[in-house]
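Colleague: One structure, pasted below without further comment.
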Amino acid sequence: MAILETPEGGSATADSGDDLLTDSSSSELNRSLRRRPSAVRDLNDSIAEADNSESGSSSGEDVMNPTAAVHTDGLSVTGKERGGGDADKSENRSETDMKFLYRPTMPAHRNIKESPLSSVAIFKQSHAGLFNLCIVVLVAVNSRLIIENLMKYGWLIKTGFWFSSRSLRDWPLFMCCLTLPIFPLTAYLVEKLAYRKCIAEPIVVLLHIFITTAAILYPIFVILSCDSAFLSGVTLMLFACVVWMKLVSYAHTNYDMRAIAKLVEKGDTLPNSLNVDYTQDVSFKSLLYFMVAPTLCYQPSYPRTASVRKNWVARQFVKLVIFTGLMGFIIEQYINPLVQNSQHPLKGNLLYAIERVLKLSVPNLYVWLCMFYCFFHLWLNILAELLRFGDREFYKDWWNARTVDEYWRLWNMPVHKWMVRHVYFPCIRNKIPKGVAILVAFIVSAIFHELCIAVPCHIFKLWAFIGIMFQVPLVVLTNFLQNKFRNSMVGNMIFWFIFCILGQPMCVLLYYHDLMNRKEKIESR
């Protein structure tokens with residue numbers, strides 16, 4: 001609403017400064033105000049409209065510039081509207097309006113509003129400033145702790161952290177890693193024969209079962225037969241698990257493509273979402289791209305980007321080196337001394353075990369966050385950029401997870417998509433109940449977590465398996481609490497405490513002391 005606008009829709013009085021001092025002009029202004037005794041209220045309404053508006057032109061800029069606020073409401077007109085000599089009239093009109101706009105009778109409270117930190121409004125606005133404050137405080141506090149630790153204990157990082165002479169003796173693991181591509185090549189030959197209908201479908205399934213089983217048992221046998229370094233064993237097992245999951249997806253997808261091709265031959269109509277050419281030949285190029293691409297789900301083609309951003313890749317690689325070094329520093333300077341000076345958490349004093357777990361939780365959390373950032377954000381994005389792989393959704397906002405099952409759906413998208421595609425929905429299609437299908441997915445995940453940790457440690461205590469399967473009752477518990485309290489913060493805090501503050505440090509202590517006990521037994525023989 002235009003300030004001082006006449007209710008009849010006529011033009012507002014906008015005479016020059018001299019005319020405003022004349023009696024006729026004064027009487028005309030008085031008549032206008034008598035026709036509109038609520039002029040001040042209209043001023044209030046126009047200001048309220050400006051406050052409620054979400055556009056930038058009616059926000060903070062107008063408050064800081066009162067003249068701009070008057071102009072945006074149409075109080076002054078340009079020279080094009082009233083002629084070139086009306087600039088002085090606009091100034092005088094603004095001065096007149098200021099008499100009403102800033103009087104003490106103007107109400108300062110016009111709307112019902114909540115405090116920014118109230119439960120109603122806290123999630124409706126940005127808290128970037130508070131987040132920056134937390135980052136600054138976090139950096140300052142941890143910098144002090146690092147300096148204090150260096151002054152008290154000195155430089156604890158060993159020269160063999162990045163490169164150890166023992167790693168040179170891990171040549172069987174290195175050779176095993178180099179020979180793993182034999183299994184994808186064999187799977188390609190089987191699919192080629194299956195496409196040409198040289199072998200029956202049951203034989204194809206048996207051959208793929210044999211290939212995938214050998215692809216995971218071969219590195220396990222090599223690691224167990226060699227007294228290799230833990231880091232080398234973990235690296236080989238992770239690589240072997242990735243190869244196994246890719247082989248399963250490759251075989252399962254090609255099997256399904258042949259099944260759908262048979263349905264098409266029978267005249268069945270397919271949905272539009274299945275836009276894959278099921279008649280195309282098996283391509284070695286597509287398999288090669290799939291084996292190096294940052295995905296575990298096979299498909300003949302992927303969305304691709306236009307080009308490779310070389311400068312961007314270089315920046316991400318520098319970040320990767322920096323955060324990897326930070327992980328190494330935290331492990332050698334903080335985690336190793338804490339673990340070495342601790343006792344077995346299940347055999348010592350309960351209060352002492354709790355104290356060790358809580359003390360270990362902070363550096364362990366930092367290492368875990370750095371690991372996530374290095375692998376899921378930096379490394380997978382570098383690999384995707386070099387291969388021009390288009391789908392970069394390697395994770396979602398798992399840090400906002402309200403329940404445990406929501407966390408597992410968000411934090412590792414390549415594995416989650418693989419589980420949904422090759423474990424969960426096949427169970428659902430075979431009339432297996434939903435709860436049992438989720439349990440099967442957790443069992444598969446627990447087995448591979450145990451293999452990746454227990455095999456390099458040469459210890460099969462099933463701590464990792466139990467830790468993953470313990471997530472199943474936690475899923476039920478966090479879902480119950482989320483439904484009961486209807487508060488997103490409750491489930492999120494429970495997730496952070498159980499998973500990062502309690503679970504991971506406990507697993508580190510358990511595996512470390514079991515590994516030390518094994519070494520003592522070997523040395524005592």
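Colleague: With the structure loaded, tell me whether LEU358 is of a type in the set (A, V, I, L, M), touching a residue at least 24 places away in the same chain (Cβ under 8 Å), open to solvent by 60 Å² or more (accessible area, probe 1.4 Å) and not in a helix (DSSP H, G or I) or whether it fails that test. Show your work before the answer.
Modeller: Numbers: of a type in the set (A, V, I, L, M): yes; touching a residue at least 24 places away in the same chain (Cβ under 8 Å): yes; open to solvent by 60 Å² or more (accessible area, probe 1.4 Å): yes; not in a helix (DSSP H, G or I): no.
For LEU358, the condition - of a type in the set (A, V, I, L, M), touching a residue at least 24 places away in the same chain (Cβ under 8 Å), open to solvent by 60 Å² or more (accessible area, probe 1.4 Å) and not in a helix (DSSP H, G or I) - is not met.
Colleague: For the range 178-188, state whether one or more residues are open to solvent by less than 80 Å² (accessible area, probe 1.4 Å), in contact (Cβ under 8 Å) with a residue 60 or more places away in the chain and not in a helix (DSSP H, G or I).
Modeller: So in the range 178-188, the residues open to solvent by less than 80 Å² (accessible area, probe 1.4 Å) come out as 179-181, 183-184, 186-188.
Next, from what is left, pick out any that are in contact (Cβ under 8 Å) with a residue 60 or more places away in the chain: 180-181, 183-184, 187-188.
Right, trim to not in a helix (DSSP H, G or I) and you get 180-181.
Yes: the range 178-188 contains one or more residues that are open to solvent by less than 80 Å² (accessible area, probe 1.4 Å), in contact (Cβ under 8 Å) with a residue 60 or more places away in the chain and not in a helix (DSSP H, G or I).
Colleague: Continuing with this model, one more query. Could we say that ALA229 is surrounded by fewer than 18 Cβ atoms within 10 Å (Cβ to Cβ), in contact with a Ser or Thr (Cβ under 7 Å, 6 or more places away or on another chain) and within 27 Å of PRO294 (Cβ to Cβ) here?
Modeller: Working: surrounded by fewer than 18 Cβ atoms within 10 Å (Cβ to Cβ): yes; in contact with a Ser or Thr (Cβ under 7 Å, 6 or more places away or on another chain): yes; within 27 Å of PRO294 (Cβ to Cβ): yes.
Yes, satisfied.
Colleague: Name the one entry in ASP277, ASP227, ASP281 that is closer than 17 Å to TYR188 by Cβ, outside any helix (DSSP H, G or I) and either within 33 Å of the chain's Cα centre (by Cα) or at pLDDT below 85 (or both). Can you show your working first?
Modeller: Details: ASP277 fails: closer than 17 Å to TYR188 by Cβ; ASP227 fails: closer than 17 Å to TYR188 by Cβ.
The unique qualifying residue is ASP281.
Colleague: Moving to a separate point now. Taking the range 376-395, which residues are surrounded by fewer than 16 Cβ atoms within 10 Å (Cβ to Cβ) and without any contact (Cβ under 8 Å) to a residue 60 or more places away in the chain?
Modeller: If the condition is that a residue be surrounded by fewer than 16 Cβ atoms within 10 Å (Cβ to Cβ) and without any contact (Cβ under 8 Å) to a residue 60 or more places away in the chain, then ARG392, GLU393 are the ones that fit.
Colleague: Oh, and also: With respect to PHE495, is the statement that it is open to solvent by 50 Å² or more (accessible area, probe 1.4 Å) and either more than 23 Å from CYS374 (Cβ to Cβ) or in contact with a Ser or Thr (Cβ under 7 Å, 6 or more places away or on another chain) (or both) true?
Modeller: Working: open to solvent by 50 Å² or more (accessible area, probe 1.4 Å): no; either more than 23 Å from CYS374 (Cβ to Cβ) or in contact with a Ser or Thr (Cβ under 7 Å, 6 or more places away or on another chain) (or both): yes.
Taking the combined requirement at face value, the residue does not satisfy it.
Colleague: If LYS396 meets every condition in (1) in a helix (DSSP H, G or I); (2) at pLDDT 90 or above apart from one, which number is that one?
Modeller: (1)
Colleague: Okay, moving on. Out of ARG103, ARG110, which single residue is over 30 Å from PHE329 (Cβ atoms) and open to solvent by less than 100 Å² (accessible area, probe 1.4 Å)?
Modeller: On the way: ARG103 fails: open to solvent by less than 100 Å² (accessible area, probe 1.4 Å).
Within the list ARG103, ARG110, the selection yields ARG110.
Colleague: Return only the number of the condition from (1) loosely packed, with under 12 Cβ neighbours inside 10 Å; (2) polar (S, T, N, Q); (3) modelled with pLDDT of 85 or more that THR212 does not satisfy.
Modeller: With respect to (1) loosely packed, with under 12 Cβ neighbours inside 10 Å; (2) polar (S, T, N, Q); (3) modelled with pLDDT of 85 or more, THR212 is out only on (1).
Colleague: Another question, then. Where in the range 58-149 are the helices (runs of 4 or more DSSP H), entirely inside, with at least 1 residues that are at pLDDT 55 or above? Working first, answer last.
Modeller: Details: elements: 60-64, 66-72, 79-82, 87-101.
The helices (runs of 4 or more DSSP H) meeting that bar are 87-101.
Colleague: Any residue at all in the range 328-346 that's acidic (Asp, Glu), open to solvent by 30 Å² or more (accessible area, probe 1.4 Å), within 30 Å of LEU156 (Cβ to Cβ) and at pLDDT below 90?
Modeller: Quick first cut of the range 328-346, residues acidic (Asp, Glu) only: 332.
From the residues that got through so far, the ones that are open to solvent by 30 Å² or more (accessible area, probe 1.4 Å) too are none.
Taking every residue of the range 328-346 in turn, none turns out to be acidic (Asp, Glu), open to solvent by 30 Å² or more (accessible area, probe 1.4 Å), within 30 Å of LEU156 (Cβ to Cβ) and at pLDDT below 90.
Colleague: What is the number of the single condition among (1) open to solvent by 50 Å² or more (accessible area, probe 1.4 Å); (2) more than 21 Å from LEU145 (Cβ to Cβ); (3) aliphatic (A, V, I, L, M); (4) in contact (Cβ under 8 Å) with a residue 24 or more places away in the chain that ALA314 does not meet?
Modeller: (4)
Colleague: Please specify each residue of the range 239-248 satisfying the condition of being β-branched (Val, Ile, Thr) and open to solvent by less than 50 Å² (accessible area, probe 1.4 Å).
Modeller: Taking the range 239-248 first, the residues β-branched (Val, Ile, Thr) are 242-243, 248.
Passing the criteria: VAL243, VAL248.
Colleague: Still on this structure, please answer the following. Take the residues in the range 196-205 that are free of Cβ contacts under 8 Å to residues at least 24 places away in the same chain and either surrounded by 13 or more Cβ atoms within 10 Å (Cβ to Cβ) or within 36 Å of the chain's Cα centre (by Cα) (or both); name whichever of them is farthest from LYS262 (Cα to Cα). Give the steps one after another, and end with the answer.
Modeller: In the first step, residues of the range 196-205 are kept if they are free of Cβ contacts under 8 Å to residues at least 24 places away in the same chain; the result is 196-200, 202-203.
Restricting the remaining residues to those that are either surrounded by 13 or more Cβ atoms within 10 Å (Cβ to Cβ) or within 36 Å of the chain's Cα centre (by Cα) (or both) gives 199, 203.
Details: ILE199: 16, ILE203: 18 Å.
Of everything passing the filter in the range 196-205, ILE203 is farthest from LYS262 (Cα to Cα).
Colleague: Let me ask something else about it. Could you grab me the full set of residues in the range 429-442 that are surrounded by 14 or more Cβ atoms within 10 Å (Cβ to Cβ) and of a type in the set (A, V, I, L, M)? Quick ask: steps written out before the conclusion?
Modeller: Pass one, the range 429-442, residues surrounded by 14 or more Cβ atoms within 10 Å (Cβ to Cβ): 432, 437-442.
Across the range 429-442, the qualifying residues are ILE432, ALA437, ILE438, LEU439, VAL440, ALA441.
Colleague: Let me ask something additional. In the list LEU193, LEU288, LEU217, LEU236, which residue meets the criterion of being under 27 Å from PHE394 (Cβ atoms), part of a helix (DSSP H, G or I), modelled with pLDDT of 90 or more and open to solvent by 70 Å² or more (accessible area, probe 1.4 Å)?
Modeller: Numbers: LEU193 fails: under 27 Å from PHE394 (Cβ atoms); LEU217 fails: under 27 Å from PHE394 (Cβ atoms); LEU236 fails: open to solvent by 70 Å² or more (accessible area, probe 1.4 Å).
None of the other options fit; the residue is LEU288.
Colleague: State which residue is modelled with the highest pLDDT when the search covers only the range 150-172 and only residues that are touching a Gly at 6+ places or on another chain (Cβ under 9 Å) and open to solvent by 70 Å² or more (accessible area, probe 1.4 Å).
Modeller: Step one: filter the range 150-172 for residues touching a Gly at 6+ places or on another chain (Cβ under 9 Å), giving 157, 161-162, 166-167, 170.
Add one more test, that the residue is open to solvent by 70 Å² or more (accessible area, probe 1.4 Å), and what stays is 162, 166.
Numbers: TRP162: 46, ARG166: 55.
Looking at residues that are touching a Gly at 6+ places or on another chain (Cβ under 9 Å) and open to solvent by 70 Å² or more (accessible area, probe 1.4 Å), I get ARG166.
Colleague: Hey, among LYS461, LYS519, which residue is more than 23 Å from the chain's Cα centre (by Cα), open to solvent by 30 Å² or more (accessible area, probe 1.4 Å) and free of Cβ contacts under 8 Å to residues at least 24 places away in the same chain? Before the answer, list the steps.
Modeller: Values: LYS461 fails: free of Cβ contacts under 8 Å to residues at least 24 places away in the same chain.
Exactly one of LYS461, LYS519 is more than 23 Å from the chain's Cα centre (by Cα), open to solvent by 30 Å² or more (accessible area, probe 1.4 Å) and free of Cβ contacts under 8 Å to residues at least 24 places away in the same chain, namely LYS519.
Colleague: Is it fair to say ASN492 is within 21 Å of ASN400 (Cα to Cα), of a type in the set (S, T, N, Q), at pLDDT 90 or above and out of contact with any His (no Cβ under 8 Å at 6 or more places or on another chain)? Can you show your working first?
Modeller: On the way: within 21 Å of ASN400 (Cα to Cα): yes; of a type in the set (S, T, N, Q): yes; at pLDDT 90 or above: no; out of contact with any His (no Cβ under 8 Å at 6 or more places or on another chain): yes.
So ASN492 fails the test.
Colleague: Would you pick out the residues in the range 369-391 that are closer than 21 Å to LEU238 by Cβ and not in a helix (DSSP H, G or I)? If you could, list the steps in order and put the result at the bottom.
Modeller: Our first condition is that a residue be closer than 21 Å to LEU238 by Cβ; within the range 369-391, this holds for 369-384, 386-387, 389.
PHE389 - this is the single residue of the range 369-391 that is closer than 21 Å to LEU238 by Cβ and not in a helix (DSSP H, G or I).
The values are calculated or read from the model by the stated rules, or taken from the named source; none is laboratory data. These figures come from a predicted structure and were not determined experimentally. A quick note on method: Cβ atoms are made from the backbone with ideal geometry, for glycine too, and the neighbour counts reach across all protein chains shown. Each accessible area value is taken on the protein alone, full model and side chains, heavy atoms only, with ligands, DNA and RNA left out. Shrake-Rupley method; radii C 1.70, N 1.55, O 1.52, S 1.80 Å.
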